[in-house]
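A.B. asks: Right, I'll just put the structure down here and ask away after.
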Amino acid sequence: MGLNDAARRLCGAPVFEQGCAVKKAFVKSYGCQMNVYDAERMTDILAEQGYAETTQADEADLVILNTCHIREKAAEKVYSELGRVKATKKERALAGRDTTVVVAGCVAQAEGREILRRAPVVDVVVGPQSYHRLPELLAKARRERVVDTDFPVDDKFERLPAPSGARIRGRGVAAFLTIQEGCDKFCTFCVVPYTRGAETSRPVAKIAEEARRLAEAGIREITLIGQNVNAYHGEGPDGAGWTLGRLLRHLAEIPGIARLRYTTSHPRDMDEELIAAHRDLPALMPYLHLPVQAGADRILDAMNRRHTGDAYRRIVERVRAARPDIALSSDFIVGFPGETDADFDCTLRLVRDVGFASAFSFKYSPRPGTPAAEMDGQVPEAVKAERLARLQELLEAQRQAFNRGTVGRTLDVLLEKPGRHPGQVAGKSPYLQPVQLEGEHRIGEIVAVRIVRAGANSLFGESAGAAALDAA
Ligand code: 5AD
Ligand code: SF4
C-alpha cells in the first residue's frame, strides 16, 4: 500500500478534499491562458498522487514553474524564480525535508537540457505536450534528473484525470477549455510554432463532454482556448471537420452554460460561420480578441502575417455588421526589425480607425531560432520604448472611452467572487469589463446591473433586477 493509499484510508475520502494530504505542491504559472489551463491539469494529476495545493513555496515538497517563452523578459523570470527556489530548497534540506523542482511549459520545451545546466536546483524539465507523464517523471526523478520534451503520439488529453465537481467549482464559475493547440502560421517573431508544435484540434465529442462536466459542476462561462483557436478544425460526430463557428453552436446548447468566449484568434481564420455565430448566438459574448500586431503592410508582410491593414479593417467591418456592439481587443508589437516612424504611424492610424476596447502591446523581443531575430534593421531599445509609450497612451484613452460609454447602460454581469470591499461582489460584463456591485448576491448568478460609474480599472453598478438570461 502506497503512502497515498494509506492517507486515503485514514481519511476515508480522496486525500485532496479532506485536507489531510501528506505532500504539498506549489504550482506557479506564467504567460497565457493555455498555461493556466495546463497548470490546473497538472494539479489535477497531482491530486490523484496525493498532493495538496499550497500557495506557500516554502512548505512545498514539489515546486512546479509553468513557464512562458514568448518574450525574453518572460523567459528570464524563470531563472530569477529558480534563484529563490534554490534558497528555499536549501533551507528545507537543513530541516531534513526534500524538495523536488520541476520546470514545465514553453521555456522547458525550448531550452530542455540547458535548464539543468544553468540551474542545478532543477530535477525535472517537462514540455507542454508531456506533462500527463508527471507521475512517471517524478518517480524517475528520485534516481536521476529528467528531461521530457517529446511530442508524444499518445493523446495527452486522454490521459488527464477528470477533476471532481467540487474541484472544478472551487476554481470559480468561469473556466478555460483547451480545444486546439499549436500553430502553423509561423509569424517571423514568434516561438509558439516551435514550443507548442503543429496545429492540432481536439474532437468535438471530447470537448462537449468536458464542457458538460464543467456545466454540471456549476460553471456558467467557458472560454475556449488555443494558440490559434479560430483555426479549429476538430472531427465532428459526423466524421467531418468542424469549424469553430459550428462548435460554438453545438456548445451553446449545453444547459447551464450561459456564456461562451474564445481566444486567441488569427485574422485569416475569421470565417463566415464564426462571424454568423456572433450574430446568432446570445451565449457568445460580444468580445473579440483579434491580434493585428502592426498597421503597416510592409511590416505585416515581414512578420509573415499574410494579411494587410485594410484586410483587418474589412474583417472588423464584417464582424461589426453581425454584432454591432462587439468589443474589440488586439495585440501589438512595436519596433519590429525595419519599422520606421512612418510604419509606426500606420499602426497608430489603424488603432484610430478601428477603436479598441482593450489591448496588449509589447516591444519586439528577438527570440532565438525565429527568423525575425536574424533580420537587419533591429530597432534601438529607446525607440521601441518611445513608440510603446505613445501607442499605450492611445490604447488607454480608447479603453477609458469604451468604459465610460457603458455608464448609464444596464449590462448582464456574471458574478464571480467577493468584491474589493465587504458587501461588494465582483463580476464581468459581456465585454469582459470587471464590474463591482453592492449588495447580497450569489456567486454564479447573472444579474442585470445598471452601470453608474467607470473607475480606472472597474465599472461600478447597482442591481437593476433579474438579468435577461436568468429570467428566461
Ligand atoms: N516580441 C514581442 N511580442 C511578441 N509576441 C509574440 N512574440 C513576440 C516577440 N518576439 C506577442 C504577440 C502575440 C502575443 C501573445 O505576444 O503580440 O500576439
Ligand atoms: Fe505566434 Fe500567433 Fe503567429 Fe501562431 S499566429 S506564430 S501563435 S503570433
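All of the numbers you see were taken from the coordinates with simple rules; none came from a lab. All values derive from a computational prediction rather than experimental measurement. So basically every Cβ, Gly included, is an ideal-geometry build from the backbone, and we count neighbours across all protein chains shown.
A.B. asks: Extent of the range 268-314 along each principal axis, from alpha carbon coordinates, in Å, largest to smallest?
C.D. replies: Per principal axis, max minus min of the Cα coordinates gives 38, 17, 15 Å.
A.B. asks: Share of antiparallel DSSP beta bridges in the chain, in percent to the nearest 5?
C.D. replies: 35 percent
A.B. asks: Then there's this: Going by average Cβ neighbours within 10 Å, how do the peptides 101-112, 375-386 rank, with the highest at the top?
C.D. replies: 101-112, 375-386
A.B. asks: Can you order the peptides 394-402, 64-72 by their average number of other Cβ atoms within 10 Å per residue, highest first?
C.D. replies: Averaged packing, sorted descending, gives the order 64-72, 394-402.
A.B. asks: At 222 nm, what helix-only mean residue ellipticity would the chain give, in deg cm²/dmol to the nearest 500, using -39500 (n - 2.57) for each DSSP H run of four or more?
C.D. replies: -11000 deg cm²/dmol
A.B. asks: In addition: Based on DSSP, what percent of beta bridges with both residues in the range 276-393 are antiparallel, to the nearest 5?
C.D. replies: Here the antiparallel bridges make up roughly 0 percent for the range 276-393.
A.B. asks: Report the gain in length on full extension from residue 417 to residue 397: 0.36 nm times residue separation, minus Cα-Cα distance, nm rounded to one decimal.
C.D. replies: Gain on stretching residue 417 to residue 397: 4.4 nm.
A.B. asks: Can you tell which of 311, 104, 223 lies farthest toward the positive end of the dipole of the chain, using +1 and -1 charges on the Cβ of basic and acidic side chains (Lys, Arg; Asp, Glu)?
C.D. replies: My answer, from the dipole projection, is 104.
A.B. asks: A further question on this structure: If we count every other residue with Cβ under 9 angstrom of residue 43's Cβ, Lys/Arg +1 and Asp/Glu -1, where does the sum land?
C.D. replies: -1
A.B. asks: Another question, then. Which part of the range 232-268 falls in the paramagnetic zone of residue 442, meaning amide N under 19 Å from the point 7 Å along Cα-to-beta-carbon?
C.D. replies: 255-259
A.B. asks: Please tell me which of these pairs span more than 21 angstrom C-alpha to C-alpha: 23/89; 28/206; 28/363; 77/363?
C.D. replies: Exceeds cut-off: 28/206; 28/363.
A.B. asks: Residue 341 versus residue 56, label points 7 Å from Cα toward the beta carbon: distance in nm?
C.D. replies: It is 5.7 nm.
A.B. asks: Based on the Kirkwood radius over alpha-carbon pairs, what value in µm²/s does the Stokes-Einstein equation return for the translational diffusion coefficient of the chain at 25 °C and 0.890 mPa s?
C.D. replies: 103 µm²/s
A.B. asks: While we're on this one: Rounded to the nearest 20 Debye, what is the dipole magnitude of the chain about its Cα centre when Lys and Arg each give +1 and Asp and Glu each give -1 at the C-beta?
C.D. replies: The calculated dipole for the chain is roughly 900 debye.
A.B. asks: Right, something else. Order of 79-91, 244-256 by packing, highest average Cβ count within 10 Å first?
C.D. replies: In descending order of packing, they fall as 244-256, 79-91.
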